[in-house]
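Participant: The structure is given below, and queries will be raised subsequently.
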Amino acid sequence: MALYSDKVMDHFQNPRNVGKLDDADGIGEVGNAKCGDIMRMYIKVKDGVITDCKFNTFGCGSAIATSSMATELIKGKPIEEALQLSNKAVVEALDGLPAHKIHCSVLAEEAVRAAVKDYYDKNGIAYNPDDFQIHDCEHCHD
């Protein structure tokens, strides 16, 4: 059995929505020196819907694939729905990841949350701080 699914390989070799949005309404950056992966997510929002999103990721193929898939899963969705994106949904959409790469999907989820939080902050939108807790990647490489 292959280590990576065809979908992971496709999103790694042909990432969707890669780049920068100069006029982004929200920007989120997450990463961890222990993991070696850094993700920056950009979102454009109109009438409460994410109309465009891009990402830049420095990291392994799984980090790139999860970033790419996360943008695909939130584009065109209401911001509240995008905020519900879980790392599990990203993994399932990619037809799985090796256990030692699950932390990449957690970072993708957190990058989306960080971009939404930035959007909320810039627009004075109230939110529950508990919705934006950051994962401690301490155990990612145990």
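A short reminder: the numbers here are calculations on the coordinates, not readings from a lab. These numbers come from a predicted model, not from an experiment. In this analysis, Cβ positions are derived from the backbone assuming ideal geometry, glycine residues included, and neighbour counts consider all displayed protein chains.
Participant: Hey, any idea what the orientation-averaged projected area of the convex hull of the chain's Cα atoms comes to, in nm²?
Facilitator: Directional mean of the projected Cα hull area for the chain stands at 8.1 nm².
Participant: List the longest stretch of the chain that has no exposed loop site; here a site is one of the trypsin sites (Lys or Arg not before Pro) assigned by DSSP to anything other than H, G, I, E or B, with at most 13 other Cβ within 10 Å.
Facilitator: 35-142
Participant: In which sequence would Ser105, Ser5 go, from the one with the fewest C-beta neighbours within 10 Å to the one with the most? Can you show the working numbers first?
Facilitator: On the way: Ser105 26, Ser5 17.
Lowest count first: Ser5, Ser105.
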